[in-house]
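Structure record follows, encoded as structure tokens.
The values are calculated or read from the model by the stated rules, or taken from the named source; none is laboratory data. Note that the structure is a prediction, hence the values are computed from the model and not measured. As a convention, Cβ positions derive from the backbone with ideal geometry for all residues, glycine included, and neighbour counts pool all protein chains shown. Please note that ligands, DNA and RNA were not included when accessible areas were found on the heavy atoms of the full protein model with its side chains. Shrake-Rupley method; radii C 1.70, N 1.55, O 1.52, S 1.80 Å.
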Number of protein chains: 2
Amino acid sequence: MKIVLIGSGNVATHLGEAFKRAGNEIVQVYSRTLAHAVSLSTRLRATPVDMITAVITAADLYLFCVKDDILQSLAEQMPRTSGVWAHTSGSMPLSVLSSHPSIGVIYPLQTFSKDRELNCANIPFFIEGIDAATLSFLQSQAQAISMNVRELSSEKRRVLHLSAVFACNFSNHMYALAAQILQQEDLPFTLLNPLITETAAKVEEMHPFVAQTGPAVRFDKAVMRKHLELLSDPKMREIYIALSENIHVIAQSDHS
Amino acid sequence: MKIVLIGSGNVATHLGEAFKRAGNEIVQVYSRTLAHAVSLSTRLRATPVDMITAVITAADLYLFCVKDDILQSLAEQMPRTSGVWAHTSGSMPLSVLSSHPSIGVIYPLQTFSKDRELNCANIPFFIEGIDAATLSFLQSQAQAISMNVRELSSEKRRVLHLSAVFACNFSNHMYALAAQILQQEDLPFTLLNPLITETAAKVEEMHPFVAQTGPAVRFDKAVMRKHLELLSDPKMREIYIALSENIHVIAQSDHS
């Protein structure tokens, strides 16, 4: 299988390496920034290109791993090719690629950072195809790198992506705010690691409504008032109040 | 060592079991609700009491594991005893116990839920003592159940507790909101487990500022606008906007 990677960021890097390990050939890496295309091409033994019109036309799979806002215009600038075009975006519909006949989606539900190894086998992949043949093709490709592949419509993928923003991006932001608070007292962030690990591990077994602990779910006003005294940043106070109120609202509706 | 547990909730249960496993005798469990005192006493082979004036006066350690708002009044109702009194609260100062001469704090930085086993050995314990002898006593007690014990003042413990509310209670609330979003589309929460696990694991190696991914840190307005279209609940919209803005502010200050 010959694969062209459109994009050279975190998703392109992780998926490119996984597909290469699964026995495929990454023939080209496109990036509008040549240095980025060269860097990832070197890792994957591919050819770099910085003009979208220069991608080869005879690959089996063209994998779009680019930012949502340039996906459609890049697809429209692509040359006519054989093979399947698939994008990897959680929030863009399948139809964004409709300048080509054989189109699909391979969406990995995971947070990718540079310089962090990830085992793709455990990542859930959500696939979609314009027709049965394309879907089946993408399913076999995804199953070669992950044990957790399922079909999902564009509509549902959009909702899944929104839930992932809360579960990942926003929970990481809570870690960031905790780090800011500790910094003021010169306390190391690493103190929180066992707590963070256990908080994440708990929801593998319990629903997060049941797992909720802390002053907000008990609606312990004395503790919350003392916490607000410690928070001088207005944005942090706003977040503390909004989240505490919402935890309380959910806890009450849960018991009614 | 004879220990009296004042309280019968999650913290009393987990610490009581850990101290018993470490070879101590839990002589009594106090709860104002007799059924609760009986239930935990049965697990720990202790005697239940529901009147604070009925606790024995000759134990070595009186461990207060009760809600912050009743801690001081309970301490004031205690009979005169020998031994050390220690509370387990993150946000209450040492001085709340000052009706007794030998007082201290053993604060476990962890989230405790009923019916969930926890290995105390990995839990960070933060101790404080009114004098060197009390501190040294509490240190040896804490070290018998955990490998991670350090001294911390009431002032710093209060800040640590606030950071834990963000890192644990609020990140769990993010999981709860993600669960609510998925429920609308009949998607199972378990889909998010690999993402939640990886998000927590990342910050063992990277600072959360560096680990941040998603539309808010890229300030991808198109994606954020589409997400807001999917959120009908006004509280959820407010939270989405406040957190996205704050992620963007931190990302910018980080690069300046």
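Would you check which residues across the stretch B:90-120 are polar (S, T, N, Q) and under 15 Å from the mean Cα position of the chain (by Cα) and list them? Steps first, please.
As a first pass, look at the stretch B:90-120 and keep what is polar (S, T, N, Q): B:91, B:95, B:98-99, B:102, B:110-111, B:113, B:119.
Selection gives B:S91, B:Q110, B:T111, B:S113, B:N119.
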If I go through the stretch A:114-154 residue by residue, how many of them are farther than 16 Å from A:S95 by Cα, hydroxyl-bearing (S, T, Y) and part of a loop (DSSP other than H, G, I, E, B)? 1
Residue under evaluation A:D69, criteria (1) buried (at least 20 other Cβ atoms within 10 Å of the Cβ); (2) farther than 24 Å from A:A133 by Cα, criterion not met: (1)
For the stretch B:147-164 the number of residues that are small (G, A, S) and buried (at least 23 other Cβ atoms within 10 Å of the Cβ) is 2
Output the residues belonging to the stretch B:214-256 that are over 21 Å from A:M236 (Cα atoms) and within 7 Å of another protein chain (Cβ to nearest Cβ). B:D220, B:A222, B:V223, B:K226, B:H227, B:L230
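Conditions tested, residue by residue: (1) without any contact (Cβ under 8 Å) to a residue 60 or more places away in the chain; (2) of a type outside the set (A, V, I, L, M); (3) within 10 Å of another protein chain (Cβ to nearest Cβ).
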| position | (1), (2), (3) |
| --- | --- |
| B:F112 | no, yes, yes |
| B:C120 | no, yes, no |
| B:F125 | yes, yes, no |
| B:A132 | yes, no, no |
| B:L138 | yes, no, no |
| B:Q143 | yes, yes, no |
| B:L152 | yes, no, yes |
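Could you grab me the full set of residues in the stretch A:93-109 that are without any contact (Cβ under 8 Å) to a residue 40 or more places away in the chain and either within 14 Å of chain B (Cβ to nearest Cβ) or open to solvent by 10 Å² or more (accessible area, probe 1.4 Å) (or both)? Break it down stepwise before answering.
Kept after step one, since they are without any contact (Cβ under 8 Å) to a residue 40 or more places away in the chain, are these residues of the stretch A:93-109: A:96-104.
A:V96, A:S98, A:S99, A:H100, A:P101, A:S102 - these are the residues of the stretch A:93-109 that are without any contact (Cβ under 8 Å) to a residue 40 or more places away in the chain and either within 14 Å of chain B (Cβ to nearest Cβ) or open to solvent by 10 Å² or more (accessible area, probe 1.4 Å) (or both).
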Could you grab me the full set of residues in the stretch A:72-82 that are open to solvent by 70 Å² or more (accessible area, probe 1.4 Å), polar (S, T, N, Q) and farther than 17 Å from B:V223 by Cα? A:Q77
Selection from the stretch B:110-134 of residues that are open to solvent by 30 Å² or more (accessible area, probe 1.4 Å) and of a type in the set (D, E): B:D115, B:E117, B:D131
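Hand me the list of helices (runs of 4 or more DSSP H) wholly inside the stretch A:169-225 holding 3 or more residues that are without any contact (Cβ under 8 Å) to a residue 24 or more places away in the chain.
Numbers: elements: A:171-184, A:193-202, A:208-211, A:215-218.
Helices (runs of 4 or more DSSP H) meeting the threshold: A:171-184, A:193-202, A:208-211.
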Answer yes if at least one residue in the stretch B:177-193 is touching a strand residue (DSSP E or B) at 6+ places or on another chain (Cβ under 9 Å), farther than 30 Å from A:K156 by Cβ and either surrounded by 15 or more Cβ atoms within 10 Å (Cβ to Cβ) or not β-branched (V, I, T) (or both), and no otherwise. no
Any hit, the stretch B:13-24, residues being under 23 Å from B:S102 (Cα atoms), modelled with pLDDT of 95 or more and either hydroxyl-bearing (S, T, Y) or open to solvent by 60 Å² or more (accessible area, probe 1.4 Å) (or both): yes
Out of (1) open to solvent by less than 50 Å² (accessible area, probe 1.4 Å); (2) over 27 Å from A:A164 (Cα atoms); (3) touching a residue at least 40 places away in the same chain (Cβ under 8 Å); (4) not hydrophobic (A, V, I, L, M, F, W, C), what's the single condition that is false for A:Y30? (3)
What residue, among those in the stretch A:194-213 that are among the β-branched types (V, I, T) and facing another protein chain (nearest Cβ under 7 Å), is most open to solvent (accessible area, probe 1.4 Å)? A:T197
